[in-house]
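Report on one structure; see the data block that follows.
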C-alpha cells in the first residue's frame with residue numbers, strides 16, 4: 001500500500017508572473033512537469049552562480065592568471081594539505 005501512495009501523481013498549482021516565466025525560461029504554458037521545472041530552475045541558479053564567480057575572478061585578478069600560475073597554485077595547495 002505504501003508503494004501505491006508513493007507512485008500516485010498529484011497536481012499542484014503555481015502562480016507565476018510574466019517576469020518570472022521569462023527569468024526562469026519557462027514557456028507560457030498551462031502545464032510543466034516537475035522534472036522540467038527543477039531543470040529550468042537549476043539552470044537559472046547555475047548560470048547565476050557562474051556569472052558571480054566570473055565577476056569575483058575579475059575583481060580579484062584571478063581571471064588574469066596564466067595556466068602556469070594556476071598549476072603552481074594547485075601544487076601549493078596540494079603540498080600544504082600533505083603537511084597536515
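Here are the numbers for this structure:
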item: The chain - mean residue ellipticity at 222 nm from DSSP helices (-39,500 (n - 2.57) per run, n ≥ 4, rounded to 500); result: -21000 deg cm²/dmol
item: Mean shadow area of the chain, taken as a quarter of the surface of its Cα convex hull (nm²); result: 11.4 nm²
item: Difference of contour (0.36 nm per residue) and Cα-Cα distance, residue 36 to residue 13; result: 6.8 nm
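Since every read-out is calculated from the coordinates, none of them should be taken as a lab result. A quick note: this is a predicted structure, and the numbers were derived from the prediction, not measured.
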